[in-house]
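Asker: Mind looking over this structure? Questions follow.
The values are calculated or read from the model by the stated rules, or taken from the named source; none is laboratory data. Since this is a predicted model, take the numbers as computed values, not measurements. Cβ: placed from backbone, ideal geometry, glycine included. Neighbour counts: every protein chain shown.
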Ligand code: AHG
Ligand code: MN
Ligand code: MN
Ligand code: MN
């Protein structure tokens, strides 16, 4: 009926505006930046939805700095987000999983740095499984004008002023935090708007879902192996799709733990501290959860390289703590 047809929440634009009014000295630049990201998300969402028809699935034919085969949509999403942030004017420097070096936007007055994984879950593009975009926003620490510096880009995750992700799933959602809780917005494609659908998300303190690539089990640390045995004794549910955003989003809402430990193939883990771990760590902490590398809190790690990797244990606080006890027992 009519009631079901009407979007229930406020629009993202209105929400951002209202938030800005709560901070009398805010200049509106971060608000504008978030709107730029939402615009790029809509464009990328459209390309993803039609990818099979436009012939933009599959390999691009080049490797990125991570040593991965780039997919066409990795490249397209990267271009779209860079363009939106450059046109928006608030960002002086962008760093991306898909680019070896920092990208100077030419907006030398821009106050912000953005780190992003433009397309997360590349291996799922061609098979119609949820994929995502992850972003972190930092305030520049260098002089107020000119290009951003490498130091600006290598700030610890604790210094993020905003972080979020877009999930292109059975519906498209944008979930973000500016440090005052986590809010989720669902995209209404016929109206072209994101609507608040998940206000003030809190993750359950305990959960029953564990997510990891158990194909790598033989080279997992002993403590992780022991924890996985424990999960089975407890009859927990195993869920892993191989899109970090998708696996994270499910566990955030339902309660669970996601683990990407060090493996033989990836001795520091596979996930990128700056483009993947930091943003999700800020979100999960804002939602009452935890994110560590097995010992240290993700947000207090200071990156020394743009493309640095880190093991990741993230999710419901009691589950992350449990992983820690197993890791401490078996070294
Ligand atoms: P990306 O597609 O941005 O390169 O990220 C891939 C990441 C992440 O999304 C996912 O959780 C993980 O790689 C999957 O790795 P495995 O295939 O080794 O499980
Ligand atoms: Mn990749
Ligand atoms: Mn990724
Ligand atoms: Mn990616």
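Asker: Just the residues that are in a helix (DSSP H, G or I), out of contact with any strand residue (DSSP E or B) (no Cβ under 7 Å at 6 or more places or on another chain) and surrounded by 15 or more Cβ atoms within 10 Å (Cβ to Cβ), please, taken from the stretch 43-75.
Answerer: Matches in the stretch 43-75: 43, 46, 47, 51.
Asker: Hey, another quick one. From the list 143, 152, 126, 147, which one is modelled with pLDDT under 95, over 17 Å from the mean Cα position of the chain (by Cα) and either assigned to a strand (DSSP E or B) or away from ligand 2 (no atom under 16 Å from the Cβ) (or both)?
Answerer: 143
Asker: Moving on. Pull up the stretch 253-270, narrow it to residues that are buried (at least 24 other Cβ atoms within 10 Å of the Cβ) and free of Cβ contacts under 8 Å to residues at least 60 places away in the same chain, then point me to the one that is nearest to residue 186 (Cα to Cα).
Answerer: 258
Asker: From the list 273, 299, which one is at pLDDT 95 or above and either surrounded by fewer than 18 Cβ atoms within 10 Å (Cβ to Cβ) or over 23 Å from residue 216 (Cα atoms) (or both)?
Answerer: The unique qualifying residue is 299.
Asker: Only one residue in 166, 113, 94 is without any contact (Cβ under 8 Å) to a residue 40 or more places away in the chain, under 18 Å from the mean Cα position of the chain (by Cα) and within 21 Å of residue 283 (Cβ to Cβ). Which one?
Answerer: Values: 166 fails: without any contact (Cβ under 8 Å) to a residue 40 or more places away in the chain; 113 fails: without any contact (Cβ under 8 Å) to a residue 40 or more places away in the chain.
Exactly one of 166, 113, 94 is without any contact (Cβ under 8 Å) to a residue 40 or more places away in the chain, under 18 Å from the mean Cα position of the chain (by Cα) and within 21 Å of residue 283 (Cβ to Cβ), namely 94.
Asker: Has the stretch 99-110 got any residue that is part of a loop (DSSP other than H, G, I, E, B), over 26 Å from residue 184 (Cα atoms) and within 16 Å of ligand 3 (Cβ to nearest atom)? Walk me through how you get there before you give the answer.
Answerer: Looking only at the stretch 99-110, we keep the residues that are part of a loop (DSSP other than H, G, I, E, B), and these are 99-102, 105-110.
Then keep just the ones that are over 26 Å from residue 184 (Cα atoms); that gives 99-102, 105-110.
Cutting the leftovers down to within 16 Å of ligand 3 (Cβ to nearest atom) gives us 99.
For the stretch 99-110, residues part of a loop (DSSP other than H, G, I, E, B), over 26 Å from residue 184 (Cα atoms) and within 16 Å of ligand 3 (Cβ to nearest atom): present.
Asker: Which residues, taken from the stretch 262-293, are within 11 Å of ligand 1 (Cβ to nearest atom), touching a helix residue (DSSP H, G or I) at 6+ places or on another chain (Cβ under 6 Å) and assigned to a loop (DSSP other than H, G, I, E, B)?
Answerer: Result: 263, 271.
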